[in-house]
1. Using the charge dipole of segment 49-121 (Lys, Arg: +1 at Cβ; Asp, Glu: -1 at Cβ; taken about the Cα centre), state which of 73, 107, 54 has its Cα farthest towards the positive end.
2. Report the full-extension gain for the segment residue 73 to residue 161: residue separation times 0.36 nm, less the Cα-Cα distance, to one decimal in nm.
3. What residues of segment 188-230 lie in the reach of a label at residue 128, counting those whose backbone N is under 16 Å from a point 7 Å from the Cα along Cα→Cβ?
4. Can you list the HN-Hα couplings for segment 70-78, worked out from phi with the Karplus curve (6.51, -1.76, 1.60; θ = phi - 60°), rounded to whole Hz and with x for Gly and Pro?
5. Could you calculate the contour length gain from residue 195 to residue 112, that is, 0.36 nm times the residue separation minus the distance between their Cα atoms, to one decimal place in nm?
6. Just order 76-83, 93-100 by mean Cβ neighbour count inside 10 Å, highest at the front, would you?
7. Hey, which of these cross-link pairs are over 23 Å Cα-Cα: 130/195; 117/170; 88/227?
8. Given a Förster distance of 30 Å, report the FRET efficiency between residue 88 and residue 238 from their Cβ-Cβ distance, rounded to the nearest 0.05.
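Nothing in this text is a laboratory measurement; each read-out follows from the coordinates by a stated rule. None of the values given here were measured: they were computed from a predicted structure. Here the Cβ positions follow ideal geometry from the backbone for every residue, glycine too, while neighbour counts run over all protein chains shown.
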Amino acid sequence: MKLLTRFGRTAPNAEGSTMKTHRGARRSKWIGLLTLGLAPLVVFGSPGVASAASTVCLQNADGSQSDIAGNWSTPDKTRSVGVQQANKTWQDWVWRGPTFQCPWNVPSCSYAWQESKTTGWQWSAGLNIKVPSPLNKALSELASLTPSYGRNGSTTTSFTFTTNLKPGQKAQPIQVVERRWTQGVYQGIYHSTGKSCLVSPTRPNGKAWQYTWSPNERWGSWTTNMKVSDYGSYNVWTP
């Protein structure tokens, strides 16, 4: 009798879910989305707050009027928004400990490992980003726009809790990270008005433009395997 699935289980990308793509308005000038190369600060899934209808003077690294994703250096921030997720989660066993077997000649056993364990874990894959082709060279920066989803972290468990075993059954302490496939989009973008401006008195020759903020416009898409929870347990089975 197994309490949990087998070690190292790997789930499919979409758990059978149908992907639905949300796209904002198409524009021809995307290359400046990652202006200054700064990773935006985002709030995953929280309501957006629109600023007053006004303009702000911004500058792309190449001096163009390309659209700009809001980052920590701008008044408004581009967000990552989850729009779809799989119904089911799956488990990754990040650690398993020694095995204990209940003797055959006893009515039952009560077992606790009685030790504490900390396990570090991370995934280098599982994030997929789709954006207009001019941005393909900047996918690593767009990844920082996306929620981290606990792609790395650690789990600490004190195995002082017990599990009851029948004669001959085996038990093993394990640590589990539970994940869920999730899809989303980016929301919020700056558009140039076509009017030039002076970004700084110390940079009179800097080519900058006035921009307006579009808080509800959605663009691009991403999918990843989000961490839902992590915990310690016992794997119990009958040999």
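1. Comparing the listed Cα positions along the dipole, 107 ranks first.
2. 26.8 nm
3. Residues 220-226 fall inside that zone.
4. Along segment 70-78, the couplings run x, 10, 5, 8, 10, x, 10, 10, 6 Hz.
5. Length gained, residue 195 through residue 112: 22.9 nm.
6. Highest to lowest by the protection proxy: 76-83, 93-100.
7. 130/195
8. For R0 = 30 Å, the calculated efficiency reads 0.70.
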